[in-house]
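Encoded as structure tokens, the structure appears first; notes follow it.
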Amino acid sequence: MNPALSKVLPAFSAVVTLLPMGASLQAQSADELIKNGDGCYARLQTANALRFYLPAEKLEPNNERLLVHISREYRHLASDATKPEEKRRLNAIAVDYAKRAVALGPNDPDAQLAVAISYGKLQPLEGNWDKIQTSHIIKDAADKVVKLDPHNDLGWHVLGRWHQGVADVSAAKRALAQVIYGEVLPQSTYEEAAKCFQKAIELNPNRLMHYIELGRVYAQMGRTEDARRLITKGLSMQDTEKDDPETKREGQDVLAKLQ
């Protein structure tokens, strides 16, 4: 069993015990394991999905799609973790799997997206110098996603988050970064972030995260009514993805400050 997974399985023991053990898993082909893992992912059963994906990885270590999916599940484990050091460890594993996937398929938008998202999850847990370097990686990967697949709404979303984060850096912090690290930070605007989120909504109007993030940007721009309208829209939508509850909590926090 993967050593990293063995450290997180106890927290999910009640779910994992429902799954077939040992020989049953070993008797399955990689395709069967991946299919079962995909079914667990659809039900938001993160640890269960990994219990199928990781044995499949042993059978097909260069399966690019599988590596992308494993990266995603480790990010989901990280979102459930409560301790910062555990979040960092799990997100670092997600980054490693994403990097393996993109090494196999540099022109695969899903692999590039996995790199962008995984580094984006890891970035808040890093030191200042690493945050600066990670920001470049995220931007490069997100740019590749929308170039390779202009209809990828998640690529536009990640690009919007990047513009949003960069626009939020104060002049004082920029000056400090240049003095301490000799690094000129990239610049952007909330308007650029808004354009990316608007594009994401146009491509996929069924993801609540697009509306809430656009609402947050509008709040930062001082467009209070637009912010309230977009966030309220996102909050009214049904949760369908692992991060939706957290996204809603962030939206509720912003909404409360607008009232």
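Miscellaneous remarks
- A single member of 169, 158 is on the phi < 0 side of the Ramachandran plot, in the same structural domain as residue 200 (by TED's automatic domain parsing), outside any helix (DSSP H, G or I) and not charged (D, E, K, R), and it is 169.
- Applying the criterion of being hydrophobic (A, V, I, L, M, F, W, C) and under 11 Å from residue 189 (Cα atoms) to the residues of segment 140-172, the residue that is surrounded by the fewest Cβ atoms within 10 Å (Cβ to Cβ) is 169.
- Condition check for residue 257: within 21 Å of residue 163 (Cα to Cα), assigned to a helix (DSSP H, G or I) and of a type in the set (D, E, K, R): no
- Restricting attention to segment 120-135 and to residues that are in a helix (DSSP H, G or I) and free of Cβ contacts under 8 Å to residues at least 24 places away in the same chain, the residue that is farthest from residue 196 (Cα to Cα) turns out to be 130.
- Within this structure, residue 253 fails the test of being in contact (Cβ under 8 Å) with a residue 12 or more places away in the chain, of a type in the set (Asp, Glu), out of contact with any Phe, Trp or Tyr (no Cβ under 8 Å at 6 or more places or on another chain) and surrounded by fewer than 13 Cβ atoms within 10 Å (Cβ to Cβ).
- Segment 182-198 residues that are more than 16 Å from residue 150 (Cα to Cα), paired with ones that are outside any helix (DSSP H, G or I) (beta carbon under 8 Å, 6 or more apart): 185/169
- With a requirement of 3 or more residues that are modelled with pLDDT of 95 or more and over 24 Å from residue 137 (Cβ atoms), the helices (runs of 4 or more DSSP H) lying completely within segment 1-108 that satisfy it span 30-42, 46-59.
The values are calculated or read from the model by the stated rules, or taken from the named source; none is laboratory data. As the structure is a prediction and not an experimental result, all values here were calculated from the model. All Cβ positions, even for glycine, are placed from backbone atoms using ideal geometry, and neighbour counts span all protein chains on display.
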